[in-house]
Each structure stands twice: as structure tokens, then as C-alpha cells.
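The values are calculated or read from the model by the stated rules, or taken from the named source; none is laboratory data. Just so we're clear, the structure is a prediction, and the values are computed from it rather than from any experiment. Ideal geometry is used to build each Cβ from the backbone, glycine not excepted, and the neighbour counts take in all protein chains shown. SASA here: full protein model, heavy atoms, side chains in, ligands and nucleic acids out. Shrake-Rupley method; radii C 1.70, N 1.55, O 1.52, S 1.80 Å.
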Amino acid sequence: MYGFSYMIKKFLSAVGFLTIFPVVKREFENCAIFFPLVGLFIGGFLISLNYFGSFLFSKNVVDMLVIVSLTIITGGLHLDGFADMLDGFYAGKNKNDTLRIMDDAHIGAMGVIGIFCILGLKFFALQSIPQKILYPSLLLFPTLSRWSLVFACTISKSAKNEGLGKIFIDTVSKKDFSIATIAAVLISFLIFGLKGFFILIAVFFVSFIFLKLISKKIGGITGDILGALNEIVETLVLLILCMN
């Protein structure tokens, strides 16, 4: 059994990895079990921002503030990975070429277009979500997207021999995945009942297909792919929630 102090340390490590909030010492092993809880924490922050922002601004402005704030508190980490993935898979002719382009610090045209499109989708999805389920939605989408990262690390291998992504891919165990999944299921069910559970199932299938296609191309996944998956799942959940 894990001790309380150990669990707090691992939770703070997860917060330090997934957000810009400073953590004195980050220890990545076993901290992935807290990814869904960090997503819930992020969702709570977004609810607070939405609530207080609504007293000052119109819904359009508040929704944009939510999206911008989400990018800021995550350090743009996931958006950067999404842009790198698009550049690499668009221009790369083989595995090595794709990985080389993804590692390039410069962003290409496809990356810019991709960021514009996915942020636009998030914005209009938020605009379309009924007000009565807005706050639960703000909790659910970052929770499930962070769970998908644990899932990705569990079923995939690293396409590179180095990098931060490899650390997580190599250290996330089946036990970590089981605990994170239990947390994600409970959170989803408590927030949206059976609908939340079915959204989690949709996230599972989309993530599985995405990861298999990526692995077929480059023989595994990277930190950039994890970031891209997070962005895709966030958008997927928001789009499902705004469906009539």
C-alpha cells in the first residue's frame, strides 16, 4: 500500500508535469495514476474562471478566456505536440524523417493550421454546450483527456530512445492504468451518469485507433504524440457534449 505522503508527492509530480504550477521535485514513476485527478483539478479551475468571468464579460469572451487559460496553465505542451505531429506526419517520408521533423523546434504550416482548427472547434463546441451541463462538461473533458495519456503509455512503446515521453511510456504500469481507469470511470459516472461512461468508451475507441495508426507509421509513440492525443480527446469530448 502507498503511504499518504508518497501519494501526495506523486500527485504533485503529476501536477508539475501536466501544468505550469511549480513543484519542488518531480518524480514521474507511478505519478500517472493521478493524471485524471489533475484533469479534474484543471476542470475546477476552468469552472472558477467561467463563473467569475461571466460577471464581467459576455459568453463569447468567457469561452475564449477558458480556452486561452487552458493553454496557459498547461504551458502549451499539448498544443505544441499536436502541431509537431501534424508537421511530421505531413512532410515526413519515413519514420526517421517524421521523427526528425517532429523534433524540429520550428512550427510548419500544417502545425499552424492544425492549432487554428482545433482551438476553433473547442471554442464553438463550448458555445454550443447547453448552460445546464456546462460546468460538468468543463470537469469531464480535461479529466478524460488526461486519462487517455495513461492509456496510451500502457498499450504503446516508445518510438524514440530518449525524451520525456519515453520516461512515461516506459514507467506506466498496468497497475497504474487500472487505478487511473477506476478514477476516470468514477469521475465520469459521478458527473454525467451513464452518459459519462459511454463518453469514456468513445474516448477509449478513438484513442486506440489513433495510437495504432501512429504506431504503424513510426513504430511507437512519442511525447508529441501524447500531447496530440490529449488535444484530440479534449476536442472529441466537447464535440460529443454539444451534440443535440
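Look at (1) of a type in the set (A, V, I, L, M, F, W, C); (2) within 22 Å of the chain's Cα centre (by Cα); (3) more than 17 Å from Ser215 (Cα to Cα) and you find that Phe82 fails only one, number (3). Residues of the stretch 11-30 that are modelled with pLDDT of 80 or more and either among the β-branched types (Val, Ile, Thr) or farther than 14 Å from Ile72 by Cα (or both): Phe11, Leu12, Ser13, Ala14, Val15, Thr19, Ile20.
Does Met85 satisfy the criteria of being open to solvent by 20 Å² or more (accessible area, probe 1.4 Å), aliphatic (A, V, I, L, M), in a helix (DSSP H, G or I) and in contact with an Asp or Glu (Cβ under 7 Å, 6 or more places away or on another chain)?
no
Can you pull out the residues in the stretch 227-244 that are over 19 Å from Asp97 (Cα atoms) and hydrophobic (A, V, I, L, M, F, W, C)? Of everything in the stretch 227-244, those that are over 19 Å from Asp97 (Cα atoms) and hydrophobic (A, V, I, L, M, F, W, C) turn out to be Leu229, Ile232, Val233, Leu236, Val237, Leu238, Leu239, Ile240, Leu241, Cys242, Met243. Cβ separations smaller than 8 Å between residues 6+ apart or across chains give the following pairs from the stretch 47-72 residues that are closer than 28 Å to Gly227 by Cβ to residues that are open to solvent by less than 80 Å² (accessible area, probe 1.4 Å) and not in a helix (DSSP H, G or I): Val62/Ser54.
Within the stretch 71-82, the set of residues being in a helix (DSSP H, G or I) and open to solvent by 10 Å² or more (accessible area, probe 1.4 Å) comprises Thr71, Ile72, Ile73, Leu77, Leu79, Asp80, Phe82.
Here Leu238 meets each of (1) open to solvent by less than 50 Å² (accessible area, probe 1.4 Å); (2) modelled with pLDDT under 95 with one exception, condition (2).
Selection of helices (runs of 4 or more DSSP H) fully inside the stretch 90-175 by the criterion of at least 3 residues being open to solvent by less than 80 Å² (accessible area, probe 1.4 Å) and over 26 Å from Ser69 (Cβ atoms) returns 95-103, 134-155, 164-171. Being within 18 Å of the chain's Cα centre (by Cα) and either at pLDDT 90 or above or at positive phi (or both) is the requirement here; does Leu138 meet it? Yes; evaluated as a whole, the condition is true for this residue.
Name the residues in the stretch 183-212 that are closer than 16 Å to Cys153 by Cα and of a type in the set (Gly, Ala, Ser), would you? If the condition is that a residue be closer than 16 Å to Cys153 by Cα and of a type in the set (Gly, Ala, Ser), then Ala184, Ser207 are the ones that fit.
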